[in-house]
1. Go through the stretch 9-34 and count every residue that is assigned to a loop (DSSP other than H, G, I, E, B) and within 22 Å of G49 (Cα to Cα).
2. When you scan the stretch 35-63, how many residues do you find that are in a helix (DSSP H, G or I) and either hydrophobic (A, V, I, L, M, F, W, C) or within 17 Å of E5 (Cα to Cα) (or both)?
Amino acid sequence: MTSYELEGFIIDLLDELKAATNIDFTVTPVADGKYGARESDGHWNGMIGELVNIVREFLTLSYDHFCVLHDTVFVFIICPIAII
């Protein structure tokens, strides 16, 4: 952990997942500290902007990359959003 302390349901869930699977991870707050809003130029900022960028990159991957990353993106990005 860095100088900030994170807590809540998703963090607890990730801690349990880490204990059960021995997978290490890092949770990083978004750089601008915003939830997400559409900017005047049409781009999104905050968490939504990061998610949009991840999805955009995900959709432009080759099939081989898709096969490797599919489960990771689903478990760590789509599932927590669905839970919220």
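Derivation of every value follows stated rules applied to the coordinates shown; laboratory data play no part. All of these numbers come straight from a predicted model, not from anything done at the bench.
1. So the first thing to find is which residues in the stretch 9-34 are assigned to a loop (DSSP other than H, G, I, E, B), and the list is 22-34.
Add one more test, that the residue is within 22 Å of G49 (Cα to Cα), and what stays is 25-34.
Qualifying residue count, the stretch 9-34: 10.
2. Our first condition is that a residue be in a helix (DSSP H, G or I); within the stretch 35-63, this holds for 46-59, 63.
If we keep only those that are either hydrophobic (A, V, I, L, M, F, W, C) or within 17 Å of E5 (Cα to Cα) (or both) too, we end up with 47-48, 51-52, 54-55, 58-59.
Residues that pass the stated criteria total 8.
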